[in-house]
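Below you'll find the structure, written out as structure tokens, and then a few comments.
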Amino acid sequence: MPTKKKSARKPTKRVKQTKQVKRPTARRRATRARSQPETLRLRASNPGFTVNDIAKSVAWYQDILGCLVVDRWEREGKLLGATLRAGAVDFYLGQDDWRKGRGRKKGEGFRLYCVTAQDVEALAATIKARGGTLLHEPQTEPWGERDFAVADPDGFKITISQAR
């Protein structure tokens, strides 16, 4: 009687199948953890300043601070405002229409904090070389950031700190 050949295959192990659990993504976890009512979450901030002399302010932001003029708002050939860009931030400058009086102070009690990946020492030196005046030289703050400050022609203060 002929004998059966044994298979060369090894017996397979049975693996217990488990149910695949979907883990929540970071986005789903964040969504779940948000409080209600939902809080404000901004992606950018672009300040707008009402200025005394639009031509002088545009020149300062462009020539001293180093911004690019990306738009000019004119009416009948008269400059009324401009958009100046510094990296991902736009500054909107608008000529004061004097409806609230010519003696109105601007920039008082206001400070804009900006963060850059650039070297603040080099930026401060460039601003000074272009004729700008620093409110304070680059310094390390008690909380660890290195920054310097300037004020535009209307007194709007801008502090520029280096990202860590």
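Here, each number is a calculation from the coordinates, and none is a lab measurement. Computed from a predicted structure; not experimentally measured. Glycine gets a Cβ as well: all are built from the backbone with ideal geometry, and neighbour counts include every protein chain shown.
Couple of notes before you dig in:
- The ranking of Cys67, Cys114 from fewest to most other beta carbons within 10 Å of each one's beta carbon is Cys114, Cys67.
- Straight Cα distances below 12 angstrom link Lys106 to the aspartates and glutamates Asp53, Asp96, Asp152, Asp154, with same-chain residues fewer than 8 positions distant left out.
- Per-residue Cβ neighbour rank within 10 angstrom, fewest leading, Thr83, Thr39: Thr39, Thr83
- Summing Cβ point charges (Lys, Arg +1; Asp, Glu -1) relative to the Cα centre of the range 47-164 gives a dipole of roughly 400 debye.
- In the range 97-164, GluC sites (Glu not before Pro) in a DSSP loop with at most 14 other beta-carbon atoms within 10 Å: Glu108
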